[in-house]
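Participant: Below you'll find the structure I mean.
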Amino acid sequence: MKPFDSRLLRLLPGARRPVLALGAIGVAQGVAAIVQAFAVAAVVVAVARHTALWGPLGLLAAVLVVRALLTGATELVSSWAGTEVSAGLRTLLLRTWLARSADQRPEPAAAQTLATQGATSVETYVARYLPALVAAAVLPVLAVVTLAFVDLWSALIVVLTLPLLPVFAALIGKATADASDRRWRAMAALAGHFLDMMRGLPTLSAYGRASRQSATIREVSQRHRTATVATLKLAFLSSAALELLATISVALVAVSVGIRLTWGSIELGPGLAAILLAPEAYWPIRRVGQEFHAAADGAQALEDILTSTSPTPTDRSDAHTPTRPELSSRRVGPELTSRRGWEAGLEDVAYRYPGTGRDVLRDLTLRVPRGLTVVTGPSGTGKTTALELLCGLREPTTGQASPIASHLVTQRPFLTAGSIRSNLTLAGDATDEATDDRLWSALRQVGLEDLVRRLPDGLGTPLGDDGFGLSAGQRARLGVARALLSSAPLVALDEPTAHLDPTSTALIDDVVRSLARDRAVVVVTHRPSLVAHADQHVTLSPVAQEVAR
Ligand SMILES: Nc1ncnc2c1ncn2[C@@H]1O[C@H](COP(=O)(O)OP(=O)(O)OP(=O)(O)O)[C@@H](O)[C@H]1O
């Protein structure tokens, strides 16, 4: 774990200003602390010598006000920096993952942990640790130089003892990095396991197996707890060690000043100022130690985030260039006439899921022209996989894919918590042009208009996560309505009528046929009526051979 990773500021230019501002405020606070040491010494000397008190008292009050203001500014800028960075990292992560093919994306639970808790924990790293690091680089030098002008002996003691602190901090930091790494992995495992269990809870409950999962959750939580306690133990021990070292060093300065005061070789004012100044040389380094522990999770998460967003060998030169075709590059219209006679295609393609030892598809050539292409085949022969390859969501293991901008309606269309309107316009290309009239027309075509009109808020009716509030069939039809609103030249539908009654099925068949009038439409289905209307019918067999009609 590096003390500072410069990639952060390169990737998030918006974070530079708040981080710099925090560093500047930290330095200003240190300078104020030095001035405060002189002011306190002056007040004490004035009291002891019965000289004018108002001047030093006024200075002390002014410094205290400045320090209070700087503390307030730190809090404000910290929250600005924190949100700037965590929101920026989340955007960066999601952009990078979405631009990659499905095979190159992290496993969902790990991705979720990284984008939520991971990005949040970086806030502490940026808002607390980095400013402390800047202050630690500047203030000790400033304090020692000031001390050298006040009392050379005290400066010498600080110069000899000060280097011990960073050495100690680095040694402890190395141990912390390992502990923090273990804690982070344990947390990711816990989150992943919990997510899986929550997803499967209805099934587990139905079979009376839900309670058995508590033992596993307990065991994973225990691992997380042990790792957290180990990190905390290290944090307390290291703070104590740095504290002890700094206290002994300041005590050495105090004893030396005390002895020289009794000998009369130093004045009360400079002596007192030296004793008050000495801690200011150690304090910034001690603070780095403390903040390092609080920010260790963030540093680990940052490392994972930066690794996750760094270009992979298959990424294009620009890491943020989507590998998927952009909708804006091809739009439905009269210009959509392919010179090669087909729109999207797979040439001699084989595909193997990462981490598996078996090809799901082999020697598959599938060319999708404008019109209706129907894909059939027994379960598990790779129909869904072929659609994902056609849409550019996956990249073939061998062979050539020529994906174009596409709209894929999956077996379980993704619906997000939000209004019906926002779910319909989720595909970015539909948002600009989708007036309510168009939305109602799309809903009418899939047989959902009456249902939505009956709802108190109509198009504004909110849906829960995953379309909660709609039946499986209604969700599937909403997915097809979204495809109607899309302008993608290729529309792929995976078993769009699987959950539907005969009336709705007939409606969706009509929608699919109308879509196929001016675009390339590929449908995985077993509906004889669609097969009968297909311009092209492709059957995938278990050996992934293509048999065309
Ligand atoms: N994420 C995955 N990782 C590993 N193997 C997978 C994954 N998804 C699917 N497979 C395997 O790939 C093969 C093809 O799956 P696919 O979903 O493409 O088949 P399908 O023809 O669409 O099936 P169905 O008609 O049942 O929906 C299956 O044998 C399945 O086990």
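Participant: Report the one residue of LEU234, HIS224, TRP263 whose Cα lies farthest in the direction of the positive end of the charge dipole of the stretch 216-274 (charges on C-beta: Lys and Arg +1, Asp and Glu -1; origin at the Cα centre).
Facilitator: Projecting each Cα onto the dipole axis, the largest value belongs to HIS224.
Participant: HIS499's amide H: which non-local residues (gap 5+, or another chain) put their own amide H closer than 5 Å, with H modeled 1.01 Å from N in plane and none for Pro or chain starts?
Facilitator: Correct list: empty.
Participant: Related question: Between ARG454 and ASP510, what's the calculated FRET efficiency when r is the beta-carbon distance and R0 is 25 Å? Round to 0.05.
Facilitator: 0.65
Participant: With +1 on each Lys and Arg Cβ and -1 on each Asp and Glu Cβ, and nothing else charged, work out how big the dipole of the stretch 449-501 is about its Cα centre, in Debye to the nearest 20.
Facilitator: 160 debye
Participant: Same structure again: Whats the longest run of the chain with zero GluC sites (Glu not before Pro) that are DSSP loop and have at most 10 other Cβ atoms within 10 Å?
Facilitator: Working: sites that count: GLU335, GLU433.
Within the chain, the longest run free of exposed GluC sites (Glu not before Pro) spans 1-334.
Participant: Which ³J(HN,Hα) values in Hz, rounded to whole numbers, follow from the phi angles of the stretch 525-531 under the Karplus curve 6.51 cos²θ - 1.76 cosθ + 1.60, where θ = phi - 60° and Gly and Pro get x?
Facilitator: Ordered by residue, 3J(HN,Hα) equals 7, 10, 6, x, 5, 6, 4 Hz.
Participant: For SER419, what residues show an amide H to amide H distance below 5 Å, using hydrogens built from the backbone and excluding near sequence neighbours?
Facilitator: LEU463
Participant: While we're here: Report the one residue of ALA48, VAL85, ALA37 whose Cα lies farthest in the direction of the positive end of the charge dipole of the stretch 12-98 (charges on C-beta: Lys and Arg +1, Asp and Glu -1; origin at the Cα centre).
Facilitator: VAL85
Participant: Would you calculate a helix-derived [θ] at 222 nm for the chain, using -39,500 (n - 2.57) for each DSSP H run of n ≥ 4 and dividing by the full residue count, to the nearest 500?
Facilitator: Value at 222 nm, helices only: -20500 deg cm²/dmol.
Participant: LEU12: net charge of surrounding residues, Cβ under 14 Å, Lys/Arg +1, Asp/Glu -1, itself excluded?
Facilitator: +3
Participant: To continue, here is another question. I need the calculated FRET efficiency for the pair LEU201 and PHE149, taking r as the beta carbon distance and R₀ as 56 Å, to the nearest 0.05.
Facilitator: 0.20
Participant: Give me the accessible area per residue for the chain, probe 1.4 Å, as a whole number in Å².
Facilitator: Values: 26470 Å² over 549 residues.
Dividing the accessible area of the chain by its residue count gives 48 Å².
Participant: Let's see if you can work this out: charge +1 on each Lys and Arg Cβ, -1 on each Asp and Glu Cβ, no other charges. What is the dipole magnitude of the chain about its Cα centre, in debye to the nearest 20?
Facilitator: Values: 53 positive and 47 negative charges, 106 e Å.
For this selection, approximately 500 debye.
Participant: Counting Lys and Arg as +1 and Asp and Glu as -1, what is the net charge of the other residues whose Cβ lies under 15 Å from the Cβ of LEU451?
Facilitator: +2
Participant: Another question, then. Pop the C-beta distance of ARG49 and VAL229 into the FRET formula with R0 = 45 Å and round what comes out to the nearest 0.05.
Facilitator: Once the sixth-power term is evaluated, E becomes 0.25.
Participant: All other residues with a Cβ under 12 Å from the Cβ of LEU93 taken together, and with Lys, Arg as +1 and Asp, Glu as -1, what is their net charge?
Facilitator: Surrounding charge for LEU93 is +3.
Participant: Also, I was wondering about something else. What's the magnitude of the charge dipole for the stretch 8-309 around its Cα centre, counting Lys and Arg as +1 and Asp and Glu as -1 at the beta-carbon? Answer in Debye, nearest 20.
Facilitator: 700 debye
Participant: Residue by residue through the stretch 64-75, which ³J(HN,Hα) values in whole Hz follow from phi under the Karplus form 6.51 cos²θ - 1.76 cosθ + 1.60 (θ = phi - 60°), with glycine and proline marked x?
Facilitator: Each residue of the stretch 64-75 in turn: 5, 5, 4, 5, 5, 5, 5, 5, x, 5, 4, 4 Hz.
Participant: Right, something else. Give me a comma-separated list of calculated 3J(HN,Hα) values for the stretch 299-304, in order, Karplus coefficients 6.51, -1.76, 1.60 applied at θ = phi - 60°, integers in Hz, x for any Gly or Pro.
Facilitator: Taking θ as phi minus 60°, the curve returns 5, 5, 5, 4, 4, 5 Hz for the stretch 299-304.
Participant: Further, regarding this structure: Probe radius 1.4 Å, ligands and nucleic acids ignored: give me the carbon and sulfur share of the accessible area of the chain as a rounded percent.
Facilitator: Ligands and nucleic acids excluded, carbon and sulfur reach 62 percent.
The values are calculated or read from the model by the stated rules, or taken from the named source; none is laboratory data. Source: prediction; values computed, not measured. Cβ coordinates were reconstructed from backbone atoms using ideal geometry, including for glycine residues, and neighbour counts include every protein chain displayed. Quick note on the areas: whole protein, heavy atoms, side chains included, nothing else; ligands and nucleic acids left out. Shrake-Rupley method; radii C 1.70, N 1.55, O 1.52, S 1.80 Å.
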